1. Tell me, please, whether a residue that is closer than 16 Å to residue 114 by Cα and assigned to a strand (DSSP E or B) can be found in the stretch 21-44.
2. Report, by residue number, each residue of the stretch 180-210 that is assigned to a helix (DSSP H, G or I) and closer than 14 Å to residue 53 by Cα.
3. Within the stretch 16-35, can you find the residues that are in contact (Cβ under 8 Å) with a residue 24 or more places away in the chain and over 17 Å from residue 206 (Cα atoms)?
4. Report the residue count in the stretch 262-281 for those that are without any contact (Cβ under 8 Å) to a residue 40 or more places away in the chain and either in contact with a strand residue (DSSP E or B) (Cβ under 6 Å, 6 or more places away or on another chain) or under 18 Å from residue 230 (Cβ atoms) (or both).
5. Mind telling me which of the residues 73, 52, 91 ends up being assigned to a loop (DSSP other than H, G, I, E, B), at pLDDT below 90 and surrounded by 18 or more Cβ atoms within 10 Å (Cβ to Cβ)?
6. Tell me, yes or no, whether the stretch 100-108 has at least one residue that is part of a loop (DSSP other than H, G, I, E, B) and within 17 Å of the chain's Cα centre (by Cα).
7. Inspect the stretch 109-118 for any residue being closer than 24 Å to residue 191 by Cβ, at pLDDT 95 or above, under 16 Å from the mean Cα position of the chain (by Cα) and buried (at least 18 other Cβ atoms within 10 Å of the Cβ) and give the result as yes or no.
């Protein structure tokens with residue numbers, strides 16, 4: 001027996017996550033992948049067990065990074081503008097409003113049960129939902145929605161007890177580049193932990209899921225490839241700097257230091273068959 005998880009909407013993505021059970025035979029797994037690929041024209045990716053999809057864990061890291069930047073004084077619009085400049089279609093908070101904050105909360109609780117990435121964004125969602133801000137369908141979430149368009153709402157910062165944060169007032173506004181680096185570092189760090197936990201087999205699987213199922217800009221290659229392109233040494237140093245902002249999210253996985261010592265990057269873990277490597281450290 002195994003599980004299948006098809007990404008939606010089907011007309012926009014061909015992703016299918018294959019979730020083997022403890023006693024799933026290699027023959028069953030191979031046959032299922034062949035049917036998905038050859039008969040259904042799907043892109044099959046194997047993911048570990050534990051509930052939810054692989055992408056929700058990485059998405060939770062991005063959302064937690066956004067909540068951390070809100071606490072540092074950045075607005076939802078500033079963060080979304082930076083991520084849209086990087087290539088995300090709707091940024092972060094706008095996309096959450098469009099998805100529905102109650103759905104995001106349910107996804108986050110499942111993801112947190114698999115990897116603990118910090119509680120900030122779940123606490124924020126709880127507050128917004130309790131105040132009736134459930135997203136685009138309700139006309140308000142992180143944004144005010146009028147005629148299908150999002151409009152910034154300063155009241156959301158007060159609702160989240162962030163507008164009067166003394167530390168935030170002392171912190172210079174983050175540049176778009178700093179916002180993107182925090183987001184990519186958080187996702188790559190969560191990806192490394194997902195590899196270590198067996199949620200994902202290879203970094204390229206994480207990249208495929210995030211591009212095909214969660215809107216990561218494909219020209220950056222996915223969060224793991226993006227970390228390789230920035231340079232794992234630079235990502236490691238960034239994670240160390242950001243750890244004080246959110247230790248649960250940014251404390252570096254040991255794999256970063258191990259790969260840097262070996263002069264390698266995540267791509268070295270993408271080999272197949274007998275040459276396949278697990279994340280070191």
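1. No, that holds for no residue.
2. As a first pass, look at the stretch 180-210 and keep what is assigned to a helix (DSSP H, G or I): 180-197, 203-210.
Result: 190, 191, 194, 195, 197, 205, 206, 207, 208, 209, 210.
3. If we filter the stretch 16-35 for residues that are in contact (Cβ under 8 Å) with a residue 24 or more places away in the chain, which is where we start, we get 16-22, 28-29, 32.
21, 22, 28, 29, 32, listed by residue number.
4. 5
5. Working: 73 fails: at pLDDT below 90; 91 fails: at pLDDT below 90.
Every option except 52 fails the conditions.
6. Here is the first cut: in the stretch 100-108, the ones part of a loop (DSSP other than H, G, I, E, B) are 100.
When the remaining residues are screened for being within 17 Å of the chain's Cα centre (by Cα), the result is 100.
Yes, there is a match, as at least one residue in the stretch 100-108 is part of a loop (DSSP other than H, G, I, E, B) and within 17 Å of the chain's Cα centre (by Cα).
7. So the first thing to find is which residues in the stretch 109-118 are closer than 24 Å to residue 191 by Cβ, and the list is 109-118.
From what's left, at pLDDT 95 or above: none.
Within the stretch 109-118 (the criterion being closer than 24 Å to residue 191 by Cβ, at pLDDT 95 or above, under 16 Å from the mean Cα position of the chain (by Cα) and buried (at least 18 other Cβ atoms within 10 Å of the Cβ)), the answer is no, since none of the residues qualifies.
The values are calculated or read from the model by the stated rules, or taken from the named source; none is laboratory data. Source: prediction; values computed, not measured. With ideal geometry, Cβ positions are generated from the backbone for all residues, glycine too; neighbour counts draw on all protein chains shown.
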